[in-house]
Structure formats: structure tokens, C-alpha cells
1. Within region B:259-278, which residues are free of Cβ contacts under 8 Å to residues at least 60 places away in the same chain, at the interface with chain A (Cβ under 10 Å from one of its Cβ atoms) and hydrophobic (A, V, I, L, M, F, W, C)?
2. Report yes if B:Arg206 is in a helix (DSSP H, G or I), in contact (Cβ under 8 Å) with a residue 12 or more places away in the chain and within 14 Å of chain A (Cβ to nearest Cβ), otherwise no.
3. Scan region B:162-173 residue by residue and report those that are facing chain A (nearest Cβ under 7 Å) and either open to solvent by 50 Å² or more (accessible area, probe 1.4 Å) or more than 23 Å from B:Leu271 (Cβ to Cβ) (or both).
4. Counting just the residues of region A:215-242 that are of a type outside the set (A, V, I, L, M, F, W, C) and over 28 Å from A:Ala311 (Cβ atoms), which one comes out nearest to the other protein chains (Cβ to nearest Cβ)?
5. Can you name the residue in region B:1-29 that is at pLDDT 85 or above and open to solvent by 80 Å² or more (accessible area, probe 1.4 Å) and is also nearest to A:Gln394 (Cα to Cα) among such residues?
6. Which one is farthest from B:Asp63 (Cα to Cα), of the residues in region B:254-294 that are out of contact with any Gly (no Cβ under 6 Å at 6 or more places or on another chain) and not in a helix (DSSP H, G or I)?
7. When you go through (1) charged (D, E, K, R); (2) open to solvent by 10 Å² or more (accessible area, probe 1.4 Å); (3) more than 19 Å from A:Ser333 (Cβ to Cβ) one by one for A:Lys459, which number turns out not to apply?
8. Assess whether A:His101 counts as being in contact (Cβ under 8 Å) with a residue 12 or more places away in the chain, under 12 Å from A:Met168 (Cα atoms) and in contact with a Gly (Cβ under 7 Å, 6 or more places away or on another chain).
Amino acid sequence: MLRLPRRHLLALLLATLPFAALAAPPKGGAANLAMIGEPQSLDPMASTADLVGTIMQHVYETLYAFDSKWNAVPMLADGMPRVSADGMTYTINIRKGVKLHSGRDLDSQDVVASLKRWMEMAPRGKSVGKDTVSLEAKGTNTLEWKFSAPSASLLAQLALPSGMAIIMAKETIASPLVSFVGTGPYKFKERKPDQFVVLTRFDTYSARSEAASGYAGKREALLDELRFTPVPNANTRVEGALSGQFHFADQLNVDALPRVEKGGAGVVPIITPSFGFPYMVFNTKEGVMANQGVRQAIQIAIGEAEMLTAAYGDKRFFTLEGNHFPQGTPFYSTAGTDQYNKQDAKRAKDMADKAGYKGETIRLLTSRQYEFHHTMVQVMAEQLRAAGFKPEMQVVDWATLVQRRGDSKVWDIYMTHSGQLPEPMLSPPQLGEGAPGWWSTPAKAKALGEFNQTTDPAKRAQLWSAVQQVVYTEVPYINVGKFSSLSARSSKLEGYTPATWPFFWNTGLAK
Amino acid sequence: MNFNHLGRSLAGRFGGMLAVLSLVSVLVFILTRLAAGDPIALLLGDQASLQDIELTRQRYGLDQPLLAQFLYWATEILKGNLGQSIFLQMPVTQVLLDRVEPTLSLAVLAVSMAMLIGVPCGIAAAVWRGKLIDQCVSTLAMLGASMPSFWMGLVLIQLFAVGAGWFPVSGYGDPGAPWNIRLHHLLLPAFVLGTLNSALIIRFTRASMLDILNEDYIRTARSKGLSEISVVLNHGLRNALVPILTVFGLTLALMIGGAVVTETVFNLPGLGNLVVRAVLRRDYPVIQGALLAIAGVYVIINFLIDVLYLVADPRVRHG
């Protein structure tokens, strides 16, 4: 066998690297993409479920999109908006010559009609709609949006691929949507419930000229067809990825990593760091958790380190930190984090006694839909018992949990999780009004009022510290830490960029 | 043939069929609604506000009293309308029809495999009662009856789909796949179902054949000098068919309505899988429609089996 000296091998590798980096993924082929289930809808305004956004972001586009650093940058908009001096009027130009899937050019009437629908239907749209005074088309490619108060998070709201502010052909606007005419690099072809959603390449797609970055920049449909297949069983997704049947398998259980790593050259594990955060919500309206002192005692009783270790095992899949936003991002702050991961049973017991806790049962609502929720609640229940609390786990299926959490009489704490988003006002919903938990206090109103009405990014970053401090003081919810996600792709799927809402433009299939 | 008796018997069974279906519709409705859970909260996603959820509930009529909802549903059924899926936003009839092909194909393939394995093995075990072959067949039948289908499915996936790469892991083929690709996807799950269900057929065939082979007319047939094959197949099997047909019918009905676990493990878009997903999504119209349809299939198959008894057994035919 021919053996090359190591330095020759290195030279060979270095010589081929630039070409490898420059070589664009090949064009053509159909990708089989195993997703976690059937999408709730194909209308991203009708459902905030991530899966709906993941699929339909290929069909519909938004005025702005997040780049790789989570900045909201223009997508269908021509540039950043012109904002009036008082911060209340936004003028946005639409890119000229953008083709809709129906063949005609997109115009400002389409954009205005779509955004009005978003403000009527989508939860985030409704909150923007409350502050909207008027939204009008000014000519073919311009719109003017007037607000009653400055809206600091508007561009992030418009860029988010969940409950999306999608732009569609105005003549297709209906409820429910029956035809899906957008401007994205892929067109809707067919949906067969519980079997697949098929999208095909839109040949006259109008791409941006900037380099691809995150969800933003140049998008190119290299694959002929995207086949999103619902595969709710996580194990089946793993087996399908290992056998080569699926080119992409979304959200695998973290304990599948060794199998994927040993799966041979055909399959590649994808770890997306800081993918999301688990958090537990307290019922501040009724019952024992309406007592802020008891909530503070629980915060001291629990140990997030134990909870995360039990849930994820491998340290590559979690980060133990009390800051709600990762280090290096604009909203990174350590305010209040001295209350994080204390696991001090004695102090917690004293605090609970002082707050007037009389041994009432604490109902912990959780589900096994997400095994990590259940594991963390199990650990937490033990920690609470050690501190003299009387927890009672109520394990139900997800459909029951989402129903029960709407009734303040039947639970005290529930566990859930959210994607790690760049803008605090995007998640968790408890930072807004009316979400389960019903957190509404003067301190919240003050801190968030200032935060939401300030448009200067540097000032907002400072103001977030005050909000995070209020969360640690009033304990409406506890952010347990950050977790990474595991997915897998075929080594043939080239050009794939890991993302919270996986996308498959600029991705090709090797022959 | 006594046609009056036959007609009365069939009419009675038909009446019973309608009574069973009415009872099923009431039970299904009550059980579905007694279960906690909210389809609308799932549909709208995690970020939807409680107010949005309530408004959408009203739009779907889920805020109405249960009796009003039931009466509306029952009236629509009588008109032939099973309603609209909350989650899939399409008519329930359409949703069910889409699932019939995979489920029926899987059931027919699996039952054929079960019969092909079960009947010859059962006959052999009865003919060579107490011999090595009987013990081997009985052990295999016991093993088949006690092995969980999900476990066998996962093992076969590991061995033949992931390991050898001979079969696809899951699904029902790409969009627009031809019948041979669909068949390729069905072979492994059909083998799992067929093998496991053959256990029951083996035991019934063996027991039934043992009863028959001890009858006087079998001795007579042998004494007439008929070959052993002719005695066993023509005189034995023919008379042992009624209980075997019952098991065949029940197995087929069970597979049409209940291949839940196998369909889930292999991610086949069949009726069983649909019911599980509909329950998890609390898609009431689909759960109700699917269970009613499955109960209907059970009842019809039982009815047809009764008719087949008439053909296979003259004693039933002549009352």
C-alpha cells in the first residue's frame, strides 16, 4: 500500500481545501427530511408551532430575516426601514421585481394585505397590531407604518420564523389558506397528511445578492424537491438516518449520539448549541404559588445543575448558566444570577416558613412528550421534598398539559421549553400579558415598559438587566439553563447550515 | 335451503349490526370528550394566547354543550358526513380514505402470511400430534403469541433495514411511488404482523383438526382406503374450517383497525397510526370517525363471516 509521509498528506489536504470550500453543493435530486411530526397547519400565521415555520419558510418570505448573528436584515425589504425622529413611523421599500409563485411581481399591496392578516391572526402580529395606527401602501413598492408608541422589537418580530409575518399574494388571502403563493425559493406542491409535504424548486426565484448568512442573504434552491416526512417516533428517525433513508433527521434524543457517531461515514451528527432553554412557569394568580415568598424559596431549593445533568447527561448538550442570554450576545447579563443553582434546602425551608408556607401540596404539571421535561421535574420534586415542600407530580400527555395550564385552578408549576431567540420579547410569552402564569405586577410593567419603548440597541441591552433582575426577584418563571439539540444528516447532504428552524436552500445532494 | 330461515337470520344480524354501531357512536363520543386535552391549544402552538385559544374554540363549536355537539355530529353522520378534521383541515372521510390503502394492503399481506404459515403448521402439528414437529410448532406458536410486535419490529429494522439495507426503515414510499416500491415498504411490517398472528391460527387449526381427526367419519374415510392426504385435507380440513375462518376474520378485522403498534414502529400512514396521532392531537372528528369506521369494518367482517359459515357448514345453512 502506498504510504505518504504525514507532511505530504497535510500539503495535499491544504491544497484541496480552498477548492473544497469553493465548490458549490451540486444541483438536483430530492431530499427526504424526517421531521418530528405532522405540521399543525401550512399557514404560519395560523399556528406558532415551529414545525409550521420550518417547512413554510421555504415557500414564504418575510420583510426581514435573521442573519447568522441574529441581526434582522432585509429580505423582501429593499433595505432597513426609514424611521421618523419620534420612532413612530416606519417607511419600508419593497425590493423591485420579486416574483410571486403565480408569476407576477410582488407589490406593496400584497405586503400590506399580508401584514394586516398577520396583525389579525398571529399572536405576535396581534401585539404589533395593538400599537399600529395605520399601515398603508405608498406607491407600488413602498409602505408606511405608523405606531402609537415606539416599537423596539418590530424588526425581530417581522423576521421570526414562528407565527411568521409571511408575505403572500393578496388574491390568495383566505382563512383557512387554500393556495400557498409566496416568493420563496420553493413552491408548495402537495401535502398528504401524515405522509409528506412536498415542495419543488421555484425556477424564477428572485434571490438577494448578498452572501448567505443565517436565514438571510442569497438563497438558492439547489434541490429539485424537498420532502418533509412526519416521523414522530424519535427512534425511527435515528434508524432512518443510519440506514440512509432520510437525508436529514430532526431533533433526535441526545442518547442517540453514540449510535450516530458510530453510524459510519454516511451519517453526520449535528449539534446546535444553545438551541433552547427549559423553563418552569409558576402560577402567580392562584394557589400556593401566588405567594412570591414561596416562589423565592423554591428558587433557592432547586439545583439546576442536577436537573440538567439528569435530563441531558452529556455535557455537550447543556450549559449551566443563569444568564438568560448567552455570553457574547447583546442581552447577556448576570443580574440576579446569584439566586441560580443554589440547592440550599435549609435556607429554602426558612424562607418558605417565613413566607407562610403551611405544607400545601405543590402540583407539578409535566408531560413525557419531551422526556427531558419529565426528568427535570422528577429531580426537582426530590429537591423540593428535601427542603420540606410537598410536591405532587401530575404527568399528563402534551394535549392535556396545554389545556390545563390555561386553568389557574389546577396547577402550581409546569415545565416547558422554548427556542433560544435573539430578542427577549419573542419568548417566553410570560414576558407579555395573559400567558399562563398570569404574571402581572407593577415591577414587571415598569421594567418591561421602559425596555419595550427604547429603540436604541445599547440602551435596551442595559435595560434588559433590570428585566432579568425582576424575573429573579419575583420568580414568575425559572430559566433552567441552555440546551443544545441533536439532529443528523446524510454525508451526501452538502451545504447544510445548522439552524433553530432548519432550512434547505443552499443545500445540495451529492451524487 | 330454507330461505325464510336464512332471511330472518340475516335480517336479525343486520339489525344487531346497526345497534352495535349506534352504541359505538355514543361510547366513542363520550370517551373522546371525557379525556382531558385541548386540540385548539395544540393547533395554535405554544405562543398562542389564552384568548386566541378560546376564540378558536368558539369557531369550531367546541364551547357548545356536549349534548348539542353530539346531536350535531350524529345528525351529520346520518347525512353521510363524518365532519372536518380540526388538525388536518380536511374532511374526515377523505382522511380515512387516504389511510385505507396502506392499512388494507398491510392487512391482506399479513393475513396471507399468517394463513400460509399458520394453517400448514397447525395441520402438521395435529397430524403428528405429540411428535417432535408438534412440539416445535407449539413452541414457535407460544413464542409468537408472547413476543411484542414493537420489539420484533425494532429487531427486524435493526437487522434487515439498518444492518443489511434490504428494506426501508419506515414509511410508505416516496410521493407517487409505484406499487412495487409500496410493497417493498410493506414486507417487513407484514412479516412482523403475519408471523405473530400466525400463532393464533396455528393453535386454532391444530385444536380444530385434532377434534375432527378423532371423528368416526375420518376413520370411515381411512377404512375406505382414501389416501392420508385426501383424508386430512378433504375430510379433515374442510370440516375444521369454521373455527379457522372465525380466527381469519377476526385477525383481518384486528389488523384493519388495530395494527397500531406495527404501523407506528414502521411509520406507515394507516388507520391505526391515524387513530394514535388523532388521539394525541385530540382531533375529535377524526377519532370519532375512524373508530366508527373501524367498528363498522369489524361488524361487516363478522357479518360476512356469518354468511361464509352458511356456505362452509351445511348445519348452519339448514338451521
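The values are calculated or read from the model by the stated rules, or taken from the named source; none is laboratory data. The shown structure was predicted, so the numbers you read here are calculated from the model rather than taken from an experiment. Please note: Cβ atoms are built from the backbone with ideal geometry, for glycine as well, and neighbour counts cover all protein chains shown. Ligands, DNA and RNA are excluded from the accessible area calculation, which covers all protein heavy atoms including side chains. Shrake-Rupley method; radii C 1.70, N 1.55, O 1.52, S 1.80 Å.
1. Of everything in region B:259-278, just one residue is free of Cβ contacts under 8 Å to residues at least 60 places away in the same chain, at the interface with chain A (Cβ under 10 Å from one of its Cβ atoms) and hydrophobic (A, V, I, L, M, F, W, C), namely B:Val276.
2. No; evaluated as a whole, the condition is false for this residue.
3. From region B:162-173, those facing chain A (nearest Cβ under 7 Å) are B:162, B:165, B:168-172; that's our starting set.
Correct list: B:Val162, B:Gly165.
4. A:Arg227
5. B:Leu27
6. If we take residues in region B:254-294 being out of contact with any Gly (no Cβ under 6 Å at 6 or more places or on another chain) and not in a helix (DSSP H, G or I), then B:Phe266 is farthest from B:Asp63 (Cα to Cα).
7. Every condition holds for A:Lys459 apart from (3).
8. Working: in contact (Cβ under 8 Å) with a residue 12 or more places away in the chain: yes; under 12 Å from A:Met168 (Cα atoms): yes; in contact with a Gly (Cβ under 7 Å, 6 or more places away or on another chain): yes.
The answer is yes for A:His101.
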